[in-house]
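Enquirer: My questions will all concern the structure given below.
The values are calculated or read from the model by the stated rules, or taken from the named source; none is laboratory data. Computed from a predicted structure; not experimentally measured. A quick note on method: Cβ atoms are made from the backbone with ideal geometry, for glycine too, and the neighbour counts reach across all protein chains shown. The protein model used for the area step is the full one, side chains on, heavy atoms only, and it has no ligands, DNA or RNA in it. Shrake-Rupley method; radii C 1.70, N 1.55, O 1.52, S 1.80 Å.
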Amino acid sequence: MEQVIRVDGMTCGHCKSAVEGALSKLDGVKSAAVDLENKNVTVDFDDSKVSLSDMETAIEDQGYDVEK
């Protein structure tokens, strides 16, 4: 399953690495690709292993705001 999550506060390569890294550590996340220009991250994941809420929490734990 693929989900695009809008994220506020990402401005640089470090932000990109932090968000992608946090998501990729979650069991069930196959890939995460941040688009800084459009302020979002596209996540390919197994929805039987990880929920959207889990992914949003992982992003917020890195200090970024998820638009819901």
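Enquirer: As I understand it, the dipole of segment 2-66 uses +1 on the Cβ of Lys and Arg and -1 on the Cβ of Asp and Glu, about the Cα centre. Which of 64, 48, 3 lies farthest toward its positive end?
Expert: Comparing the listed Cα positions along the dipole, 64 ranks first.
Enquirer: Next up: Could you tell me what percent of the accessible area of the chain is made up of carbon and sulfur, with a 1.4 Å probe and every protein chain present? Numbers along the way, then the final one.
Expert: Working: 1670 of 3960 Å².
Of the solvent-accessible surface of the chain, carbon and sulfur hold 42 percent.
Enquirer: Once amide H atoms are placed 1.01 Å from N in the peptide plane, what residues at a sequence separation of 5 or more from residue 7, or on another chain, have their amide H within under 5 Å of its amide H?
Expert: Hits under the 5 Å cutoff: 40, 41, 67.
Enquirer: Additional query: For a quick size check, give me the Cα extents of the chain along its three principal axes, largest first, whole Å.
Expert: 31, 18, 18
Enquirer: Here's a follow-up. Please give the charge dipole size of the chain, origin at the Cα centre, charges +1 on K and R Cβ atoms and -1 on D and E Cβ atoms. Round to the nearest 20 debye.
Expert: Dipole magnitude for the chain comes out near 120 debye.
Enquirer: Which FRET efficiency value, to the nearest 0.05, do you get for residue 3 and residue 25 by plugging their Cβ-Cβ distance into 1/(1 + (r/R0)^6) with R0 = 22 Å?
Expert: Using R0 = 22 Å, I get an efficiency of 0.85.
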